[in-house]
Amino acid sequence: MDRYDKYRQHFLKNIRKRLEEWETVEEIAHQDVYRLLHSIAGTAAMIGMDDIGNYARKLMEQWGEDEQKNGGAKEVKEQLTPLFQLCYEHQIGDVASNEQGAKKGDEPTVLLIDDDPSFLMYVKEHLEQSGWYVVAIADPIKAVASFYDVRPDCVVIDIHMQTKTGFEVLTFLKEKLRQQFVPMIMVSIDDRKETRMKSYEMGADDFIPKPFAIDEFIVRIRRQLERKKLIDELLLLDELTHVYNRKYLKQAYEQLKSDWHRTHEPFCLAVLDLDHFKRVNDQYGHLIGDVVLKQFAQFVKTNVRARDIVIRFGGEEFVVLLPATEASEAFLVFERLREQFERIPFQSGETTFSCTFSTGIAEVNDPSKPIGYWIELADSALYKAKNTGRNCVVLAKQQETSLRRTVKVAIVDDDAIVRAIVTDVVQKMFAKERVALELRTFKDGEEFISSDWHEGKEPCLVILDGVMPKMDGLEVLQQLRNKKDASRYKIIMLTARKSENDIARALELGADDYMTKPFKLLELEAKIRHMLKRMN
Ligand code: GH3
Ligand code: MG
């Protein structure tokens, strides 16, 4: 997938959201329009939408920054219409109607792959009415690449596409999915017997000739989704405790790895083991032991977040995967569970008893290592927990990261897309450096200045936007330079201001470097690398 795709989607979504807000108002503040244009001009060129960026810049010049007047909503919208048309065209051109509204919960996901955008839009709309989450992708190459992000429960593939045939897509997905069952439905205007047979022979679960009646299409997809759910349950759920079984672990880890490559958020793996469980069996019998196991599994499952994955690893040992969670957060989660669980009463005849469990946690910060590595690491922490009296939580030590020096990087920008892109660049760079990164983003200057996150002894690189609401970059800069430990901070100003005065002012106030928006990512990388060398 093009590395900017998700930013483009996000970018367009933000613009549309703003427009929707404006639908209902009568007046729009001049400043709001200016800020929107400003953010479009700054971001668009970075993510390969130069035409939009240029147009926004032109409008900005016409609009002017400092006028205080407000405009009627209708007038403003009229003036901005060509810009929004451009955005709209991009959206259709990139990925047909790929404005993937957020997935709400557990609804099944259907992936539609067809290079005919009008077909995609039509089918997407109808499937969504059935309560499914639908991802429609017009480019088969992108569809294949986005597979892990989408995690479909059913895939519909058109056979005749320009860049890749549906059969190639089918073969690729079948190969990827050997361990899982995801139904594949082929659709085609070519309803010859050979085509149908070839589809089935290559492993398709259904073949539906085009054009089809949408209601029949929906029934056939629903049936596939039901089969998928049943098979998943049979294959991956533990019969006794109804949490996932061990077979699911590898698949779940693969998924988290692919999320990590997108977000670089650490995740945690915890190993939980009931304390002295043998005694429970010995004293109260295996049936009661089973009840405790079942209740324990359900207790854990209902008391962690819905995204967290609970797996029975074997016997009375469970693994919990916690996406987007740092070790310290995971520690608190299991401390809370530990305190709750020891108070739960179990019954055996007349006797009431309680149970406890111990937890070892490893933070996964390098998914190139196999899952076994992290299990071992968490297991060694669990072993310590058992040795220090049980009923406790222990974090595994990460030798490697503690040896490396730490650098803090703050990204202070009111534009969510700039924050996301710069975060991405910084994280990718640090993955290669022997430096541990602590990164934080801030929505405006005030949020940054009032945070104590950047206090301490580590060097801190601040990538600072010049123009922000609340407290702007120049003021943040001034405040940092007035601190006693000012030399700990290296500051790169990002500014869309062409004015040489502002740049001069930034340098005068002690910025170490500056870049004017829109900037090229390579340039940003070069500047950060240069700055890192000067930090100690
Ligand atoms: P520790 O605190 O050191 O973990 O002690 P423990 O007694 O929990 O650990 P040990 O490994 O000695 O014993 C685990 C017991 O769990 C032994 C096994 O019979 C029991 N067990 C494993 N699977 C099941 C099951 O499905 N049902 C029941 N009732 N017991 C099980
Ligand atoms: Mg045990």
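Below is a table of values for the structure above.
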| item | result |
| --- | --- |
| Cross-link partners of LYS384 among lysines (Cα-Cα below 18 Å; sequence separation of 8 or more within a chain) | LYS397 |
| Protection proxy ranking, peptides 513-519, 58-64, average beta carbon neighbours within 10 Å, highest first | 513-519, 58-64 |
| Distant alpha-carbon pairs in the chain (separation over 36 angstrom), percent | 49 |
| Alpha carbon Rg of segment 109-212, scaled by the compact-globule rule 2.2 N^0.38 Å | 0.98 |
| Segment 339-450 - Rg over Rh from alpha carbon coordinates, Kirkwood radius | 1.18 |
| Paramagnetic label zone (point 7 Å from Cα along Cα-to-C-beta, ARG343; backbone N under 19 Å) in segment 260-277 | none |
| Surrounding net charge for LEU337, when Lys and Arg each add one and Asp and Glu each subtract one, Cβ distance under 14 Å | -2 |
| The chain - mean residue ellipticity at 222 nm from DSSP helices (-39,500 (n - 2.57) per run, n ≥ 4, rounded to 500) | -16000 deg cm²/dmol |
| Sorted peptide list for 360-366, 451-457, 31-37, criterion being average Cβ within 10 angstrom, highest first | 360-366, 31-37, 451-457 |
| Inter-label distance for THR356 and GLU194, nm, one decimal - labels placed 7 Å from Cα along Cα-to-Cβ | 7.3 |
| Kirkwood Rh and Cα Rg combined as Rg over Rh, evaluated for segment 5-92 | 0.95 |
| FRET efficiency for GLU27 and GLU447, using Cβ-Cβ distance with R0 set to 22 Å, rounded to 0.05 | 0.20 |
| Computed over the chain: relative contact order in percent, which uses C-alpha pairs under 8 Å that are six or more apart | 9 |
| Segment 221-232 - phi-based ³J(HN,Hα) in whole Hz, Karplus 6.51/-1.76/1.60, Gly and Pro as x | 5, 4, 4, 5, 5, 5, 4, 4, 5, 4, 5, 4 |
| ³J(HN,Hα), Karplus 6.51/-1.76/1.60, whole Hz, each residue of segment 329-346, x for Gly, Pro | 5, 4, 4, 5, 4, 6, 4, 4, 4, 4, 5, 6, 5, 5, 8, 7, x, 10 |
| Protein accessible area in the chain, 1.4 Å probe - carbon and sulfur % | 51 |
| Spatial separation of Cα centroids for segment 160-192 and segment 317-365, in angstrom | 43 |
| Taking segment 109-212 and dividing mean pair separation by its residue count, relative contact order in percent (alpha carbons under 8 Å, at least six apart) | 24 |
| Between segment 475-536 and segment 17-67, the alpha-carbon center distance in angstrom | 25 |
| Cβ-defined net charge surrounding GLU201, 13 Å radius [Lys, Arg +1; Asp, Glu -1] | +2 |
| Under 5 Å, built H, 5+ apart or other chain: amide partners of VAL364 | PHE267, CYS268, LEU269 |
| Summed residue charge, Cβ within 9 Å of ASN245's Cβ, Lys/Arg positive, Asp/Glu negative | +1 |
| Stretchable slack from GLN180 to LYS457, in nm (0.36 nm times residue separation minus alpha-carbon distance) | 94.9 nm |
| Linear extension gain, GLU500 paired with LYS278, 0.36 nm per residue minus alpha-carbon span | 72.4 nm |
| Accessible surface, segment 5-92, averaged per residue in Å² (probe 1.4 Å) | 53 |
| Accessible area of segment 333-481 divided out per residue, in Å², using a probe of 1.4 angstrom | 46 |
| Sequence-distant residues sharing a close amide H with ASP139 (under 5 Å, placed H) | ALA96 |
| Long-range amide H partners of MET471 with built H, under 5 Å | GLY445, GLU446 |
| Protection-proxy order for peptides 136-143, 268-275, 194-201, each taking the mean of Cβ atoms within 10 Å per residue, highest first | 268-275, 136-143, 194-201 |
| Using a Förster distance of 56 Å, the FRET efficiency for ARG529-GLU216 (Cβ separation, nearest 0.05) | 0.45 |
| FRET E, pair GLU61, GLN479, Förster distance 41 Å, beta-carbon r, rounded to 0.05 | 0.85 |
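The values are calculated or read from the model by the stated rules, or taken from the named source; none is laboratory data. Bear in mind the structure is a predicted one, so any value in this text is a computation, not a measurement. Note: ideal-geometry Cβ built from the backbone for every residue, glycine included; neighbour counts use all protein chains shown. For the accessible areas, the whole protein counts, side chains as well, though only heavy atoms, and no ligand, DNA or RNA atoms are used. Shrake-Rupley method; radii C 1.70, N 1.55, O 1.52, S 1.80 Å.
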